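Data first, discussion second: the structure below is written as structure tokens.
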Amino acid sequence: MAGTGGQVPTFSVWDYVVFAGIILGASGIGLFQALRSRKETNTAEFLLGGRQMTAVPVAMSLTASFMSGITVIGTPAEAYRFGVAFWLFAFAYTIMSAITAEIFVPLFYRLNITSAYEYLEMRFSRPIRLIGTSMYIVQTALYTGLVIYAPALALNQITGLDLWGVLVATGAVCIIYCTLGGLKAVIWTDVLQMVIMLAGFIAVIARGAILQGGLTRIWEDAGQGGRLNAFDFDPDPMKRHTFWTIVIGGSIMWTSIYSINQSQVQRYISCKTLTHAKMSLYVNMLGLWATVSLAMFSGLTMFSIYKNCDPLSNGDISTPDQLLPYLVMDILADYPGVPGLFVAAAYSGTLSTVSSSINALVAVTVEDFIFPICKNLTERQITWMNMGLSVFYGALCIGMAGVASAMGSVLQAALSIFGMISGPLLGLYLLGMFFRTTNSVGGLVGMIIGLVLTLWVGIGGQIYPPTDEKTNPLPVSTAGCNNTIGQNYTTATPWTSPVTLTQPPDYRPPIADSWYSLSYVYFSLLGMLTTMVSGLFMSIITGGCKQKKLNSNLFVRKKDLICFSCCSNSEVSDDTEKTATDLHMGVDNSAFTDFDVMSKEIEKNTKL
């Protein structure tokens, strides 16, 4: 019945067995790492995984962190509805990797950064650091709610389990997973979960190719359906996806995610050397390429199968994010255990991302809010505090899943959240790293203006979604459906317009078709540029930094850039005795100096 609509089978016993086995196996790896390091448990071990992580596992963890259940569920649906323009994000991943590895990583290493927001206090002031941390907590809680919601939606579609029951169960598993382990457990579990996610895509593509008569047929169907028109060079910033919005806006958006987001910073500073940290980002780039390619081709496979019977228009499903779960049960139900593998793929992505987010939220809360106030805590007190915070943030993220359920497409909603909040933060970092003139007043005012502007356009876009003219959904058909249920599409014609998923308000103001229709990919760019321009202007009129002597280590050096570092054999920091050889090839990661000193002080206080 593949491609003809109607009800599909649900989970078999073997699907439950495979699903449970994979999840237990992944969790077992994490718990093994936690128990293995039990004797060494301290703040540095829990939050930063010790100091011996290498490039490849960290790279896979970096990829798995944001290639989550949202990617497994949302990206194939994106290709099905809008075509392969999303594939152009491969260019953005490349630009992002180079910027993060060659500019931000050397700076954070040189400053012994543990929390990414320590830099804001070093360069500007403590209030700005606390504001930056608070923005990160809000952003991550919202995003993690989306991550929990996405696979719960898939499980609801495939298994028939209650959606909110699955939401709570997912969050509970993640809380246990994060509370017992630490960053090392998270990273090593991510490795297996990344493999499972890719295996889920491959299973869908392989079965689709068999049903459709080969990959060539799938490609031809996609071309005939208009799904292969990726290169749209229209400069209109209101169009959802064009070459310019994705390459320019997407590069800034992903840079804001990888360069200053604590979940990612926490990973690459856990590497034992600077060389490993940089290499992890470039290996991660390859992982992002592979993931987005498999996700896109899964979407094209789905279109080839449903080119004559769109499940959404036919009423078989209620949201686009249920498209891939529906396909899995439609074409793979005859292979017991394979649908369980797919659900495990989406679920693994969720465990990976949520555990990473909770671990990072605990890290910034402890480092930015608690340690500066409570300096005489024992190691036992800190351990219990870390575990308690993990439970708190896990519960918060479950609550945020309820908010996420009202935000439309999970993929676009997730990236919009990062754009609205990370864009202004990235602008603040760049102001501090590149412009000596910028002062605290300018940085704070610039960030507030950038944040207000991005929240205005982002929330406005949620209330008044862009029209089809701007989003450009591609046509679908219900001509080949055996039945029509739920939405009464009884007079189906070939290549009809897609269903409007978000009902627009009765009144649509003129600003909705201009300002509120700005492509969500440009949110980061808008926030970054607004923050930098207004921050520089305010700094200049308030006197700049003439009265304050700044450490030169707070700024990007030409030796940090790849074109200069390749020609230099040594680099000596003004405030450290480490040479380039120590940083790149040694076994000591300077980012842990603060934790080492803190641990010794705690031991001393405990003995006293």
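Bear in mind that the values in this text are calculations on the coordinates, not laboratory data. Predicted, not measured: the structure shown is a model, and the values here were computed from it. Here the Cβ is made from the backbone with ideal geometry for all residues, glycine too, and neighbour counts use every protein chain on show.
Beyond 31 Å in Cα-Cα separation lie the following of the pairs Lys375/Lys549; Lys239/Lys307; Lys239/Lys559; Lys375/Lys559; Lys272/Lys559; Lys272/Lys558: Lys239/Lys559; Lys375/Lys559.
If R₀ is 35 angstrom, what is the calculated FRET efficiency for the pair Gln224 and Tyr335, using the beta carbon separation as r and rounding to 0.05? My answer for the efficiency is 0.75.
Can you give the FRET efficiency for Leu455 and Val13, using 1/(1 + (r/R0)^6), R0 = 35 Å, r = Cβ-Cβ distance, to the nearest 0.05? E between Leu455 and Val13, to the nearest 0.05, is 0.15.
If the segment from Ser318 to Val168 were pulled out straight at 0.36 nm per residue, it would be longer than the present Cα-Cα gap by 51.9 nm. In a fully extended conformation the segment linking Thr383 and Leu550 would gain 56.6 nm over its present Cα-Cα distance, using 0.36 nm per residue.
For segment 206-303, the ratio of Cα radius of gyration to the globular rule of thumb 2.2 N^0.38 Å stands at 1.43.
Estimated at 0.36 nm per residue, the fully extended path between Phe231 and Trp515 surpasses their Cα-Cα distance by 99.8 nm. Derived scalar couplings between HN and Hα for segment 460-466 equal x, x, 6, 6, 10, x, x Hz in order, rounded to whole Hz, by the Karplus curve 6.51 cos²θ - 1.76 cosθ + 1.60 (θ = phi - 60°), x for Gly and Pro. Karplus-based coupling profile of segment 231-244, in residue order and whole Hz: 8, 9, 9, 5, x, 4, x, 7, 6, 4, 10, 10, 4, 6, with θ = phi - 60° in 6.51 cos²θ - 1.76 cosθ + 1.60 and x standing for Gly or Pro. Applying 1/(1 + (r/R0)^6) with r as the Cβ-Cβ distance of Arg508 and Phe434 and R0 = 45 angstrom yields a FRET efficiency of 0.65.
Between the amide H of Asp232 and those of Phe243, distances stay under 5 Å, these residues lying 5 or more places away or on another chain, with hydrogens modeled in the peptide plane.
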